[in-house]
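Take a look at the structure below.
What follows is calculated from the coordinates using simple rules that are stated; it is not laboratory data. Keep in mind that this is a model prediction, so the values were computed, not measured. Cβ sites come from the backbone with ideal geometry, for glycine too, and all protein chains shown count toward neighbours.
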Amino acid sequence: MSGGAVEYLVSEVRDCRFVLEGPKEYLVKLNLGFFSERHKAMVLDIAEVAYAVFKGLISVKDPRTSASLMLEDIFSKYSGRRTDWVKFTVLLDLRDRGRRAKAGFEPNSLLYVKGSEKVMVFVTEENSPIRAGGLLEWIKSALS
């Protein structure tokens, strides 16, 4: 461990999702990511990895260099979408306000539980146009 952060090794990154080797239970307790039977490891969205690194909860090692990835590295090396940074800041804000938010199943969604209700948050850049068809698809996804 470095500075109290639990160490994880990145074994794969695909579509802004990180496969992390390390203690599964800790990430489950933090309500981040999901366990992949295929990989036998936890899988976290880039926003979740960035959040946990930013908060000092985990240390993530680069598979090529074994160096700890900093917040800037995560986004400069692995970000594939314009909204990745926005999603991270929304996740940070929700968690700082006590919501146990996590990445949703869509690239631009976050999930959290409010009482007995599950809430799905649509993440987009401020002042960005939203296609009606894209929003309808997202709503269908949220309802299923």
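So, in Å, what gap is there between the alpha-carbon centers of the stretch 1-30 and the stretch 85-144?
Comparing the Cα centres of the stretch 1-30 and the stretch 85-144, I get a distance of 22 Å.
Based on Cβ point charges of +1 for Lys and Arg and -1 for Asp and Glu, what charge dipole magnitude is obtained for the chain about its Cα centre, in debye rounded to the nearest 20?
With Lys and Arg at +1 and Asp and Glu at -1, about 320 debye.
Averaging sequence separations of C-alpha pairs under 8 Å and six or more residues apart, then dividing by the length of the stretch 6-143, give the relative contact order as a whole percent.
18
With a 10 Å Cβ neighbour count serving as the proxy for reagent exposure, in which order, fewest first, do ASP84, ASP45 appear? Display every interim value, and only then the final one.
Numbers: ASP84 21, ASP45 26.
Fewest-to-most Cβ neighbours within 10 Å comes out as ASP84, ASP45.
Order these by the 10 Å Cβ neighbour count, fewest first: TYR51, TYR26.
Values: TYR51 27, TYR26 15.
By the 10 Å Cβ count, ascending, the order reads TYR26, TYR51.
Would you mind estimating how fast the stretch 6-143 diffuses translationally, via Stokes-Einstein at 10 °C and 1.306 mPa s with the Kirkwood radius over Cα pairs, in µm²/s? Mind showing how you got there, number by number?
Working: Rh = 15.5 Å.
Rounded to a whole number, D works out at 102 µm²/s.
If we count other beta carbons within 10 Å of each Cβ, what is the order of LEU9, LEU91, fewest first?
Going from least to most buried by this count: LEU9, LEU91.
From the phi angles alone, apply the Karplus equation (6.51, -1.76, 1.60; θ = phi - 60°) to the stretch 43-57 and give each ³J(HN,Hα) in whole Hz, x where the residue is Gly or Pro.
With the stated coefficients, the stretch 43-57 comes to 10, 10, 5, 4, 5, 5, 4, 4, 4, 5, 5, 4, 7, x, 7 Hz.
Working from Cα positions, state the angle (0 to 90°, nearest 10) between the long axis of helix 132-143 and the longest principal axis of the chain.
With rounding to tens, the tilt is 70 degrees.
Whole-Hz Karplus ³J(HN,Hα) for the stretch 76-82, in order, using 6.51 cos²θ - 1.76 cosθ + 1.60 and θ = phi - 60°, x for Gly and Pro?
Working through the residues one at a time gives 6, 8, 10, 6, x, 10, 4 Hz.
Can you spot the aspartates and glutamates whose alpha carbon is less than 16 Å from LYS118's alpha carbon? Ignore those fewer than 8 places along the same chain.
List returned: GLU106.
Between ALA103, ALA47, ALA67, where does the largest GNM mean-square fluctuation fall for the chain, given springs only between Cα atoms within less than 10 Å?
Checking each option, the largest mean-square fluctuation is seen for ALA67.
In a GNM of the chain with a 10 Å cut-off on Cα contacts, which of VAL123, VAL28, VAL90 has the highest mean-square fluctuation?
Result: VAL28 has the largest fluctuation of those listed.
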